[in-house]
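Participant: Next up is a structure, given as structure tokens.
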Amino acid sequence: AQSVTQLDSHVSVSEGTPVLLRCNYSSSYSPSLFWYVQHPNKGLQLLLKYTSAATLVKGINGFEAEFKKSETSFHLTKPSAHMSDAAEYFCVVSDPGSSNTGKLIFGQGTTLQVKP
Amino acid sequence: KAGVTQTPRYLIKTRGQQVTLSCSPISGHRSVSWYQQTPGQGLQFLFEYFSETQRNKGNFPGRFSGRQFSNSRSEMNVSTLELGDSALYLCASSPGGQETQYFGPGTRLLVL
């Protein structure tokens, strides 16, 4: 069974400092992994996607994530936080099996607070 | 291309009523998935439609149903509303269901 665990429910950083949001996954297959961001009262925006082409994935707004199969992790990082990065972040897994079409499994989310 | 659109954006209903939410996918996308987002349960998969057929379903009671039209637009219906159905309902579209999903802004449903 697939599952996703986001290790921190809340992360607080100062503007200009690095961001690290941690995610571990469990999957029986070779999964697709995503990070989505949700700003208040908005839908979900795709930050980046891993599909086995490269273990280091670059996304929008300076975010990147590294897939580590041995650690079953897919942590999201950004070198320097901006005030506009304050939002809810979701780590998501999708197994490619035919019985799982259209189904994403979401972590519980990490709220990122950016202090001035 | 225009993004995924959802209507209405906000709804207030009372217990026992039913509600229909609409989702228009990105042009050319044939798969539409629906999700429920609540503070307690997070984001949970409801169902997925492709070519007017439900291909996948999450663990929700039969009060939650959906359909898809020939133009790929989708509706979901919740009958006999309960207080616990208050949530943000998100739909997402993708070309065939296995690719990246793109989300709409959601419909926020409040059941009183």
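The values are calculated or read from the model by the stated rules, or taken from the named source; none is laboratory data. Here the structure is a predicted model, which is why all the values come from computation and not from measurement. Quick reminder, even Gly has a Cβ in these numbers, built from the backbone with ideal geometry, and neighbours come from all protein chains shown.
Participant: Looking at B:Q6, is it surrounded by fewer than 16 Cβ atoms within 10 Å (Cβ to Cβ) and of a type in the set (S, T, N, Q)?
Facilitator: Here the answer is no, as B:Q6 does not meet what is asked.
Participant: Next question, about the same structure. On the given criteria, is B:S65 more than 8 Å from chain A (Cβ to nearest Cβ), under 24 Å from B:Y10 (Cβ atoms), assigned to a strand (DSSP E or B) and touching a Ser or Thr at 6+ places or on another chain (Cβ under 7 Å)?
Facilitator: When the stated conditions are applied, B:S65 does not pass them.
Participant: Follow-up question, since we're still on this one. Does B:L43 satisfy the condition of being farther than 19 Å from B:P8 by Cβ and touching a residue at least 40 places away in the same chain (Cβ under 8 Å)?
Facilitator: yes
Participant: Could you please find all residues in the stretch B:48-71 being under 22 Å from A:G109 (Cβ atoms) and either surrounded by 21 or more Cβ atoms within 10 Å (Cβ to Cβ) or among the hydroxyl-bearing types (S, T, Y) (or both)?
Facilitator: Across the stretch B:48-71, the qualifying residue is only B:E48.
Participant: If I ask for residues that are touching a helix residue (DSSP H, G or I) at 6+ places or on another chain (Cβ under 9 Å) and either over 16 Å from B:F45 (Cα atoms) or of a type in the set (D, E) (or both), which ones from the stretch B:71-110 would you list?
Facilitator: B:L109 - this is the single residue of the stretch B:71-110 that is touching a helix residue (DSSP H, G or I) at 6+ places or on another chain (Cβ under 9 Å) and either over 16 Å from B:F45 (Cα atoms) or of a type in the set (D, E) (or both).
Participant: Which one is modelled with the highest pLDDT among residues in the stretch A:95-106 that are within 8 Å of another protein chain (Cβ to nearest Cβ) and surrounded by 18 or more Cβ atoms within 10 Å (Cβ to Cβ)?
Facilitator: A:F106
This table checks each residue for (1) in a loop (DSSP other than H, G, I, E, B); (2) more than 12 Å from the chain's Cα centre (by Cα); (3) at the interface with chain A (Cβ under 9 Å from one of its Cβ atoms); (4) under 22 Å from A:E88 (Cβ atoms).
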| residue | (1), (2), (3), (4) |
| --- | --- |
| B:Q54 | no, yes, no, no |
| B:F60 | yes, yes, no, no |
| B:L81 | yes, yes, no, no |
| B:S93 | no, no, no, yes |
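Participant: Looking at the stretch A:64-89, which of its residues are farther than 21 Å from A:T5 by Cβ and surrounded by 12 or more Cβ atoms within 10 Å (Cβ to Cβ)?
Facilitator: A:S80, A:A81, A:H82, A:D85, A:A86 - these are the residues of the stretch A:64-89 that are farther than 21 Å from A:T5 by Cβ and surrounded by 12 or more Cβ atoms within 10 Å (Cβ to Cβ).
Participant: Quick one: which residue in B:Q101, B:Q36, B:Q17 is away from chain A (no Cβ under 13 Å) and either crowded, with 18+ Cβ neighbours inside 10 Å or at pLDDT 95 or above (or both)?
Facilitator: B:Q17
Participant: Has the stretch A:18-34 got any residue that is out of contact with any Cys (no Cβ under 8 Å at 6 or more places or on another chain), farther than 30 Å from B:C23 by Cβ and surrounded by 19 or more Cβ atoms within 10 Å (Cβ to Cβ)?
Facilitator: Yes, there is a match, as at least one residue in the stretch A:18-34 is out of contact with any Cys (no Cβ under 8 Å at 6 or more places or on another chain), farther than 30 Å from B:C23 by Cβ and surrounded by 19 or more Cβ atoms within 10 Å (Cβ to Cβ).
Participant: If you check A:S52, A:S28, which single one turns out to be out of contact with any Ser or Thr (no Cβ under 9 Å at 6 or more places or on another chain), outside any strand (DSSP E or B) and away from every other protein chain (no Cβ under 12 Å)? Break it down into steps so the answer makes sense when it comes.
Facilitator: Numbers: A:S52 fails: out of contact with any Ser or Thr (no Cβ under 9 Å at 6 or more places or on another chain).
None of the other options fit; the residue is A:S28.
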